[in-house]
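Single-structure report; data block below.
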Amino acid sequence: MKFLVLGGTGRTGALFVKKALDEGHEVTAVVRRAGSSVDPRAHLVTGDVTDAAVIAKAAHGHDAIISTLGVKSAGETPTLITDMVRAVIESAKTSGVDRFVLLSAFGVGDSLAKASFLVGPLFRTMLRKTYADKAASEVLLKASGLKWTLEYPGALNNGDSTRYSTAVLEDVKKTPIFPSTSRTNVAEFLLRAAVGDAFIRQIAVVFDAK
C-alpha cells in the first residue's frame, strides 16, 4: 500500500514510517523543511500540512493518509490539528483519498469522562488547550465523508512493549489509573488499522497490556 504521512519527523511518526517501509509499503512524508530527518527510503514532499492543495497533490495515488502530528506549543499553534484535519478533508475532493487514520489522545472529547481521578484533572488543566484543539478537529472529522479512524492512546512512553489492548471508546467501562501506551504500539495500531481497514469511523482506545 501507499501511505501519505503527516508528522513523520516526530518520534511516533518515525516509528510508523519505519514499520510501514519494513513491511514493504511505500511512504510519502510531508515535511516543513527540505532535508528533514526521515527514513531515507521515504519520499519527501516539502509543504504545510494545513494547506489542502499541498496535501491533495502529495496524496494523489496513495491509499491512505496517516497523521501522527503533534503540537509542541499550544500557545504558538493553538489550532494546528484542527487546521490540518480541515485541510485533509478538503484535499479529498481532488485527491480522491478518503481513508484517514490519525493519532489523538485518551482524555479528548467523550473519553475525558472515562479518565481516572488521577489523570482527569491533568487533562482539564495542563492539557486543556491541546485537547480542545483535538476535540474541535474531531467534530469536523465526524461530519466529513471520510473513512476515518481515531487512535486514543494513553500517555506515550518509549518502552519496548509490543502487547496492547484495543477497544472501541463506547465499549470502554474501566481504565487504568494512569493509562500508558508505547510509541511502538501506537505506530503498530496505526499501521494495522490502515492496512486492514479496521475501526472505520470509530475511536479506538489503545493501552499497553501487562
**Study point:** Residue ID - farthest from residue 184 (Cα to Cα), chosen from residues in region 30-71 that are in contact with a Phe, Trp or Tyr (Cβ under 8 Å, 6 or more places away or on another chain) and of a type in the set (Ser, Thr, Tyr)
**Key:** 67
Study note, to complete from the structure: If we ask which residues in region 29-72 are assigned to a loop (DSSP other than H, G, I, E, B) and in contact (Cβ under 8 Å) with a residue 60 or more places away in the chain, their number turns out to be 6
Revision key, fill the gap. Given (1) touching a residue at least 40 places away in the same chain (Cβ under 8 Å); (2) in contact with a strand residue (DSSP E or B) (Cβ under 9 Å, 6 or more places away or on another chain), residue 91 misses just (1)
Check your understanding: Conditions: (1) surrounded by fewer than 17 Cβ atoms within 10 Å (Cβ to Cβ); (2) touching a Phe, Trp or Tyr at 6+ places or on another chain (Cβ under 8 Å). Residue 27 meets all but one. Number of the miss?
Key -> (1)
Exercise for review: Residues that are among the hydroxyl-bearing types (Ser, Thr, Tyr), under 17 Å from the mean Cα position of the chain (by Cα) and surrounded by fewer than 17 Cβ atoms within 10 Å (Cβ to Cβ): find the helices (runs of 4 or more DSSP H) completely inside region 73-192 holding 1 or more of those.
Suggested key: none
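Read-outs throughout are calculated quantities, based only on the coordinates presented, and are distinct from any laboratory measurement. Since we're looking at a predicted model, the values are computed, not measured. When we count neighbours, we look across all protein chains shown, and the Cβ atoms used for this are built from the backbone with ideal geometry, even at glycine.
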